[in-house]
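Quick notes on the structure that follows.
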Amino acid sequence: MKRGVAAILFILVMAYSAQAISADIKDVGESCDPEQEASLVSINDTDGGHVAEPGYYGHEVCVEGEIEYNVRESCTGGETHVFSLFDRTNSHLSMYSTYNYDVCSRQTRAWVDSTCSENGTAVLSVESDNNTHVAEPNHEDFSQQICMSFIEPENVTVELSGLSGDDFYVDDHEETVEPREESWRLLEYPYVVAEENNHVTGLVSQGDFVKLSHPDETVMSMTVSEGSILVPHTEGGVENIERRQDMVLDNVFLRQLSPSFAFFIPDQPTVRVVLQPDQEVEGFSSVLRRDITIGVSNEGLRDGELVINIEG
């Protein structure tokens, strides 16, 4: 890394939950992309008709971002009920768990509305929320939509692995820390960093902190429920992280001009201006410091050339 350069990555934790779902109905003969999509259900007619488990009818409802949907008699632990089918084939649909089979998900949820909200994507049209046929999204003969979105995660964990460092530091510990099985959960200023050769790499919480871990000499991780996780890789030692405590905890660090852990961030940054006009300039020939006011006046033409007067 070049001397004098400090790099900071930051992860916005809620960005995942704000991501909109992408859904598409594949025509007869097509199938969902197994690397990017999961088949929600199959339907026999995009203009309205029965619904079945994936692969039964010719039209597949493909959802991008979901790993897999399962059709079960009831959803298992960790799964979310999407809607239910009366039968695996040739079925009506209900948003309630009143039918024989549940369509289950680990990453998405669904609801019925006349229009999907900003974070919701219409995947099918329905006549009602119970005992209904289905059609393609926004079909003119169906008044309601099945809307889907990603389930907002309760917590998000970021892990750094493959680390090497002379020392690892956690806030509230004056000396370096050793790997441990237990996580830290009560910290005034939640961070964990590795220091090596006058550089630090680590994780700093600027949000709702849950826990941080340092299970072995090459791994550190941080869990938050909301906010941001800063991932510094900067010149200097752990004292640079400590100096930014108030700014990070007050949630103003990222509002700074070129935010950095390694270098001093002035409240009033120095601004340098170089004046190289095409016109002749009078009056401004020195360096002005601190707060200044500059007046500019047009002196008109002199020997056919425009003259500008600047006073500071």
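The values are calculated or read from the model by the stated rules, or taken from the named source; none is laboratory data. Computed from a predicted model, the values in this text were never measured in an experiment. Here the Cβ positions follow ideal geometry from the backbone for every residue, glycine too, while neighbour counts run over all protein chains shown. These area figures cover heavy atoms from the full protein model, side chains too; ligands, DNA and RNA do not enter into them. Shrake-Rupley method; radii C 1.70, N 1.55, O 1.52, S 1.80 Å.
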Dipole magnitude of segment 135-185, debye to nearest 20 (Cβ charges: Lys/Arg +1, Asp/Glu -1, about Cα centre): 260 debye
The chain: mean projected area of Cα convex hull, nm²: 27.3 nm²
At R0 = 22 Å, FRET efficiency that the Cβ-Cβ distance of S225 and L254 yields, to 0.05: 0.75
Segment 217-258, dipole about Cα centre (Lys/Arg Cβ +1, Asp/Glu Cβ -1), debye to the nearest 20: 160 debye
N198-E174 FRET efficiency (beta carbon distance; Förster radius 22 Å; 0.05 resolution): 0.65
The chain, accessible area per residue, ligands and nucleic acids excluded (1.4 Å, Å²): 58 Å²
Ordering of 167-176, 95-104 by burial proxy (mean other Cβ atoms within 10 Å per residue, highest first): 95-104, 167-176
Fraction of beta bridges assigned by DSSP in the chain that are antiparallel (%, nearest 5): 95 percent
Relative packing of 228-235, 298-305, 125-132, which averages over residues the other C-beta atoms within 10 Å, highest first: 228-235, 125-132, 298-305
Given charges at Cβ of Lys, Arg, Asp, Glu: segment 23-176 dipole, positive-most of T176, T132, Y96: T132
Cα centre as origin, Lys/Arg/Asp/Glu Cβ charges: segment 196-268 dipole, Debye: 160 debye
Highest-first arrangement of 49-57, 198-206, where packing means the average Cβ count within 10 Å: 198-206, 49-57
Using alpha carbons only: equivalent-ellipsoid semi-axes of segment 143-249, gyration tensor based, whole Å: 30, 15, 13
